[in-house]
1. Whole angstrom only: what separates the Cα centroid of region 186-228 from the Cα centroid of region 247-265?
2. What is the Cα centroid distance between region 1-70 and region 96-174, reported in whole angstrom?
3. Suppose R0 equals 22 Å. What FRET efficiency, 1/(1 + (r/R0)^6) with r the Cβ-Cβ distance, do Asp56 and Lys273 give to the nearest 0.05?
4. If you compute Cα extents along the principal axes in Å for the structure shown, which of (1) 65, 41, 39; (2) 49, 48, 46; (3) 48, 42, 37 do you land on?
5. Spin-label point model (7 Å from Cα, Cβ direction): what's the Arg303 to Thr2 distance in nm?
6. With labels modelled as points extended 7 Å from the Cα through the Cβ direction, what inter-label distance (nm, one decimal) is found for Ala170 paired with Met198?
7. Stretch Ala114-Gln258 to full length: gain in nm at 0.36 nm per residue minus the Cα-Cα span?
8. Could you pull out every one of the lysines with an alpha carbon less than 30 Å from that of Lys245, ignoring same-chain neighbours closer than 8 positions?
Amino acid sequence: MTGVIDIMNYAPFVAPNLSGPEYQYDEFQTMVRTTLRPLLRDGTITTQWGRVVEVDNPPTEADPTLDLDRAYADMERTGAESVVLTCMEMWSYYSHHQLIMDLPEDVVAQAVKADPDRFIGGAGYNPFRIDESLRTVETCVREHGFSYVYFHPITFGLAPNDRRCYPLYAKCVELGIPVGMQVGHSAEPLPSNPGHPMLVDDVAMEFPTLKINLSHTGWPWTGEFISMLWRHPNVYGDISAYFPKTLDPELVRAMDRQLRNKIMIGSNGLDLKRCIDELDQLGLREQTIERVRRLNALEFLGR
């Protein structure tokens, strides 16, 4: 079978030591002891890209050094033909009122320049800094070959149909690129209600030529996630952040039927090999698996 496109990964995939400083913040400290608890060992956690962090004494600075050899080795192991590298920005809604994650576009730009076929750039967006963010998006696309924007509206306490998100959608239409966003609950103690998939309804109708990826399955609103992908020709979704064997059975059934041309696979930094193996064990039709592994992503990204 042909390769896989990882539709949802992050800049640390090519610069592992970018990951780690976020664990100094309350949101990540709490997440380690709740949703990420199985990964905690002896007061340390191994980040999704291999960096070992002391949870009680995490690094405060990120190291942007590229390690493409490590990235290539992982792609060889997992069978990934291309990886989307997103530059997520997260805001501390309750605790700090500042960015608690701000992955740099310039690091991803270096990787895209080195190998544009295998590394796909995804710019970030800060709806509290609209002008600055739009300039960054345009520069990334026009000068550095990026072809995607991924943002995290719920961490800012904003719904995707908030007016502060609309300038991004208009810019993506202008540039001819798709946009992605998290829907569903927040693994961190951040507001989840803005992640309700039905809040994308307005956006899908008001920007009918904009391809939209709803990331992370929309759980616990699985039926609403399915509805958005089924109803709107321009709305796709990915199953990243969840291993396939844990997916809601309703979503698995829909993947093999009405959503066959809409669902994409992504690692969210988890083990893509395990994701692929478990996808193959769901009992899906062969043509469905091929769509989920790569064909839907190729169509979504316009590659």
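Only the coordinates and a few stated rules stand behind these numbers; no lab work does. Please read these numbers as outputs of a predicted model, since none were measured by experiment. Note that each Cβ is placed from the backbone with ideal geometry, even for glycine, and that neighbours are counted across all protein chains shown.
1. 15
2. That distance is 20 Å.
3. With R0 = 22 Å, the Cβ-Cβ based efficiency is 0.10.
4. Checking each listed value against the structure points to (3).
5. The two pseudo-label positions are separated by 1.1 nm.
6. Result: 2.8 nm between the two label points.
7. Using 0.36 nm per residue and subtracting the Cα-Cα distance, I get 48.0 nm.
8. Lys211, Lys262, Lys273
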